[in-house]
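Please read the structure below before turning to the comments.
The values are calculated or read from the model by the stated rules, or taken from the named source; none is laboratory data. Given the structure is predicted, the values throughout are model-derived calculations rather than measurements. With ideal geometry, Cβ positions are generated from the backbone for all residues, glycine too; neighbour counts draw on all protein chains shown. For accessibility, only protein heavy atoms count, side chains too; no ligands or nucleic acids. Shrake-Rupley method; radii C 1.70, N 1.55, O 1.52, S 1.80 Å.
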Amino acid sequence: MPHRIKELKLTHFRGATQPVTIQFDPKKAVVVIFGENGTGKSTVVDAIDAVGNASFGSLDREGVRPNPHKYVSSINRTARSLEVELTTAIGHTWKATISGKNVVVAAGTDGSFLPGILVLRRRELLKLIETQPAKRYEAIKSFIDVAEVDKAEAALRSDLVAVDKQFGNAKAARDQAQKSLHAFWEQEKQAHETEAESLGWAEQRIAEDLTALESQAGHLETLLIGIQTLLTATASWQQAHETRDDWTLKVEAAKAKLADTNRSEDTRRTDLIGLLTSAKKYLAPPAAPTSCPLCANDVQAESLRQRIEDQLHQLQSASELLQLVNSTQNSYKRAADDCDRCNQDVLSQFRKLATHLAAHEPAAVQALNINWKELAFELQTAATSDVISEQATDLAQQLCAESPVVQQALDSLRQRLTLHDNIKVQADLLKDSTKKAADLGQVVERLTKTCQLVVDTRREFVQTILDGIIEEVNRLFAAIHPGEKIGLHRLEMDEVKRSSLEQHARFEDASEVIPQAYFSESHLDTFGFCLWLALAKRLNPKQLVLVLDDVFTSVDTQHFQRISELLADEAQYFQQLIIATHNRRWHDLYRQNSAGAHLIKLESWTLNKGLKPYEDQTLMAALAEALEAEPFDRQAVASQAGIVLETVLDRLALAYGCLLPHKHGNSYTLGELLFSTGKLLQKATIIRIDRDVHGHPVLPNNWSEIQLNDLFQTINGLTFIRNEVGAHFSPSGADLSNSDVRTFGEAVLAFAQALSCPTCGYLPQKERDDHRSCRCPKYQTQLRPLNRP
C-alpha cells in the first residue's frame, strides 16, 4: 500500500542518543519490532506517535505532565536538536520537532499525505477494561466522532445554567416585590378599601389622581421658600438701615467739628486749604505745567509743588477735618444706596409672597386674618420705602412663626406622595418580575427539553455504534478464545451520567456479569484489545496504521498464536500493522511461520550508541541464507533445517490432530513428529495460485499442485543429519558430505515453502469445505485432504 511507513529517522529523540534510521518493508502488512526491556521499543513507538498525532506518546502521563517537552529529547540534548522524520512508501515525508511546549508536525514535501496513526499502549488498554465507567468512555471517545455534538451540548448546558440563574433571580425579585407590597398593604390599607390581595389594592391606589396633592405640596413648598426669602431680605434691609443711620450720625459729627474749627479760624484759611489741595492734585506727577492756568505766567512746577506742601503742612488740622467730612459723606452715600437696594428687594419679595398667598392661602396662615388679595393689590403700586420694609419685616416674622405648621402639612403631603410612588414601584416590579419569571421559565423549559434531546440523541448515536460493534468484538474474541462460553453481552451508556460506559459480559450461562469480576487477566487483556480493534475498524481503516506497544503481558503461547493469526486476518483492513513486543515467545512465533511480517530486532541500548535496530529473519529465511552462504556452514544448515522441520511438522500435527505420545511439556522429537504425520504427508497435496517471478499472481488465476510425498520421503531418509551434523558431533556425521547436508537443507526448505503461503506466510490450517487454507483473504494456498487419513 502506498502510505505504509517505509522509513523512520530519529535524531536525539528519547533513547536515540545517536541519529538512527529504521527501515520498514512496505510490502509487508505486519511489522514486528522485538526487543528486550530497555532496548528502545517505546522510543520507536513514541516517534511514530509524535509524527502521526503531534503527541508526546508514553510521556503524556501522570508524573511527567505538565512538562513532557522537557524529557522528550535525548539525555544531555536540547529540544532544538530533536527531530523525527517519517517517510511513506511513495516518498511522502513528515517531520516532528519541538516548539515551546508542543510537538509540531510539518510536511517535508508539498502535497504529502500522512496516514492516520492509532497507538494502543498497555495503559490505554487498561483504561478500556479496568478503570471507572467515565474513564472507559474517555478511552473510546476518539473513535466516536461526536466532538461537535459535545460542543453544542456544552453550549446548551452553559446557556441553560445562565438562563436558569436569571430565572432564579427573577423569581427572587418577584418574591421580594410581593413581600414588600404585602407589607405596604398590611400597613397602609384603609377600612374602606375592600381589595382582598395586595396587587389589586396597589393598582387601586396607583389609579388615584394625585394632581391636587402634588399641586398643594408645590404651593406649600413655594410658600416656605418665599417666607425664607423674605426673612433673608428683611434681615438684609435691617442691617443696611442700621448702617445708614450710623453714617448719618458720623457725618453730622464731622461737620460739627469742622464748623467749630471754622469759627476759630479765618474762613479764608479754610478756603485756602481747599484751594491748595486742589492745586496739589493739579500739579501731581506726571503732570508738569510750565504756566499758570489763571494768569498764564511762567511757573516752575517742582518748586511750586514744594511751596504748596509747605503751606499745607502749616494748615494741616483744617485739612484733616475737611477730609473726614468728605470721607463720612461718601460712606453715608454708599449706605443710603445699599438701604435703597434692600428696600427694593424687600418690596419685590413682599409682592411675590403676597401674590402667592392671595391665590393659595393654606389653612395654617389663615389664622393671621390678613387680606392677601388687598395687600397684593396695594403692593403693586407701592414705592420702596422704609415703611414698606418695616411692614414686610413684621409680616415675615408672623409667617415664620407659622412655618412649622406649614412644614408639617407639606411633610404629610410628601409622605402620601412617596407612599404612592413606592407602591407603584413595587407593583410595577412585581408585575415585571412575574412576567420575566414566566418568560424565563418557558425558556428554561425549552432549553431543558432541547438539551435533553441533544443528550438523548448523542447517547442513542453512541449506543447504536456500541451495539454495532458487539458482534465484531465477540467474533474477534472468539478467534482468540474458541469454544469458550464467554464474551461481550452489551456496552451501555449510563442514562444518568453524561459520559459513562458500562460493560456487561456473558460468562457461561450468565449474561449480565461484570467482566472485571469474572474474566481472568488474560481474558480482560484480549477483551480490551478486541474492543479497541473493533472500534478502530469503524474509522477509515484503509488509511490507518495500527501500532501495538507491548499490549499483552498475561497471554500464553497458545493464545499468542491465535492473536498472531487474528492480526494476520485483520491486517488486510488496515494500511499497516506495527507490533512492538518484548515477549520472545510471540517474536519466535512470527519467526517460525510468518513470511508476511517484517521482523525488526533491537539489541541492547547504550548511551553512546543509542538504538541498535537490525532486520530479523524468519526461520525459513535464515535457512535459505545459510544454504547460500560461503563458505558453507554444514552445522548451521543442519541445525536450521531441523528447527524448520520440527516447527512445520508440529503445526501440521496440531492442525490435523495427529497421534503423538503424551509427554510432559509436549516436547516431541523429530522422529515422533515424522512418524505421526507420515500417512498425512504421503497423501497431502498443496494447491496454489501460480505466480510470476516477482511473486504476483498470474491472471487469469491458474492453480498448480504440489505433491508432498516425494519431499517427505527425501526428508524422512535424511533426518539423521539433523542430529549427526546439526546437534551432536559423531564420526558418522563427519563422514557425510556437504552435498548430503545441502540436500537435506534444500529438501526441508522446499517442504516448508510448499506448505507456507508466500503471501501471508501461514500454513494452511483453516478448515474449508474440502480442504484447509492459509490466512489470505482469497485463500491462495490450500492443503488437501481436509482431515487426517
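When the stretch 577-604 is filtered for residues that are touching a His at 6+ places or on another chain (Cβ under 8 Å) and either of a type in the set (A, V, I, L, M) or buried (at least 24 other Cβ atoms within 10 Å of the Cβ) (or both), only Leu599 remains. Looking across the stretch 610-630 at every residue that is within 27 Å of Arg742 (Cα to Cα) and outside any helix (DSSP H, G or I), the one that is most open to solvent (accessible area, probe 1.4 Å) is identified as Glu630. The set of residues in the stretch 643-660 being farther than 14 Å from Gln561 by Cα and not aliphatic (A, V, I, L, M) consists of Glu646, Tyr656, Gly657, Cys658. Kindly establish whether Ser511 is open to solvent by 30 Å² or more (accessible area, probe 1.4 Å), touching a strand residue (DSSP E or B) at 6+ places or on another chain (Cβ under 8 Å) and hydroxyl-bearing (Ser, Thr, Tyr). The answer is yes for Ser511. Among all positions in the stretch 87-94, there is at least one residue which is touching a helix residue (DSSP H, G or I) at 6+ places or on another chain (Cβ under 7 Å) and either open to solvent by less than 40 Å² (accessible area, probe 1.4 Å) or of a type outside the set (S, T, N, Q) (or both). The number of residues in the stretch 345-371 that are within 21 Å of Val405 (Cα to Cα), of a type in the set (Val, Ile, Thr) and touching a residue at least 60 places away in the same chain (Cβ under 8 Å) comes to 1.
When the stretch 756-789 is filtered for residues that are of a type in the set (Lys, Arg), assigned to a loop (DSSP other than H, G, I, E, B) and within 57 Å of the chain's Cα centre (by Cα), the ones remaining, listed by number, are Arg768, Arg775, Lys778.
Whenever a residue of the stretch 573-587 is more than 16 Å from Thr618 (Cα to Cα), its partners that are open to solvent by 30 Å² or more (accessible area, probe 1.4 Å) and acidic (Asp, Glu), lying with C-beta atoms within less than 7 angstrom and at least six residues away or across chains, give the pairs Ala580/Asp550; Thr581/Asp550; His582/Glu36; His582/Asp550.
In the stretch 379-398, of all residues being open to solvent by less than 20 Å² (accessible area, probe 1.4 Å), under 18 Å from His356 (Cα atoms) and of a type in the set (Gly, Ala, Ser), the one that is farthest from the chain's Cα centre (by Cα) corresponds to Ala392. Checking each residue in the stretch 157-183 for being over 28 Å from Val454 (Cα atoms) and surrounded by fewer than 16 Cβ atoms within 10 Å (Cβ to Cβ) picks out Ala172, Asp175, Gln176, Lys179, Ala183.
For the stretch 1-19, a residue qualifies if it is open to solvent by 20 Å² or more (accessible area, probe 1.4 Å) and assigned to a strand (DSSP E or B), and the qualifying residues are Lys6, Glu7, Lys9, Thr11.
The condition of being open to solvent by 20 Å² or more (accessible area, probe 1.4 Å), of a type in the set (S, T, N, Q) and closer than 30 Å to Asp456 by Cα holds for only one of Gln516, Gln543, that being Gln516. Evaluation of Ser348 against the conditions (1) at pLDDT 85 or above; (2) open to solvent by 80 Å² or more (accessible area, probe 1.4 Å) shows that the sole unmet condition is (2). Filtering the stretch 314-324 for residues that are of a type in the set (D, E, K, R) and open to solvent by less than 80 Å² (accessible area, probe 1.4 Å) leaves an empty set.
Yes or no, residue by residue, for (1) out of contact with any strand residue (DSSP E or B) (no Cβ under 6 Å at 6 or more places or on another chain); (2) free of Cβ contacts under 8 Å to residues at least 40 places away in the same chain; (3) not polar (S, T, N, Q):
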residue: Leu623; (1), (2), (3): yes, no, yes
residue: Gln635; (1), (2), (3): yes, no, no
residue: Val644; (1), (2), (3): yes, no, yes
residue: Val648; (1), (2), (3): yes, no, yes
residue: Phe675; (1), (2), (3): yes, yes, yes
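For the stretch 209-256, what are the residues that are farther than 17 Å from Asp394 by Cβ, of a type in the set (Val, Ile, Thr) and more than 60 Å from the chain's Cα centre (by Cα)? Answer for the stretch 209-256, where residues must be farther than 17 Å from Asp394 by Cβ, of a type in the set (Val, Ile, Thr) and more than 60 Å from the chain's Cα centre (by Cα): Thr222, Ile225, Thr243, Thr248, Val251. Checking Leu652, Leu607 one by one, the residue that is open to solvent by 40 Å² or more (accessible area, probe 1.4 Å) and out of contact with any strand residue (DSSP E or B) (no Cβ under 7 Å at 6 or more places or on another chain) is Leu607 and no other.
Scanning the stretch 489-508 for residues that are farther than 10 Å from Pro133 by Cβ, surrounded by fewer than 17 Cβ atoms within 10 Å (Cβ to Cβ) and either in contact with a strand residue (DSSP E or B) (Cβ under 6 Å, 6 or more places away or on another chain) or modelled with pLDDT of 80 or more (or both) turns up Arg490, His504, Glu508. Hey, does the stretch 133-149 have a residue that's touching a Pro at 6+ places or on another chain (Cβ under 9 Å) and closer than 27 Å to Phe574 by Cα? No, the stretch 133-149 contains no residue that is touching a Pro at 6+ places or on another chain (Cβ under 9 Å) and closer than 27 Å to Phe574 by Cα. Can you tell me which of (1) part of a loop (DSSP other than H, G, I, E, B); (2) of a type outside the set (Gly, Ala, Ser); (3) surrounded by 14 or more Cβ atoms within 10 Å (Cβ to Cβ); (4) in contact (Cβ under 8 Å) with a residue 60 or more places away in the chain is the one Pro482 doesn't meet? Status for Pro482: all satisfied but (3).
Number of residues in the stretch 137-163 that are over 25 Å from Ile578 (Cβ atoms) and in a helix (DSSP H, G or I): the value is 18. Might you check whether a residue that is surrounded by 14 or more Cβ atoms within 10 Å (Cβ to Cβ), at pLDDT 85 or above and among the charged types (D, E, K, R) occurs anywhere in the stretch 253-275? No: zero hits.
Residue check: Ser42 meets all listed conditions (1) part of a helix (DSSP H, G or I); (2) closer than 21 Å to Ala106 by Cβ; (3) hydroxyl-bearing (Ser, Thr, Tyr) but one, namely (2).
Scanning the stretch 551-568 for residues that are touching a Lys or Arg at 6+ places or on another chain (Cβ under 8 Å), crowded, with 19+ Cβ neighbours inside 10 Å and part of a loop (DSSP other than H, G, I, E, B) yields a count of 1.
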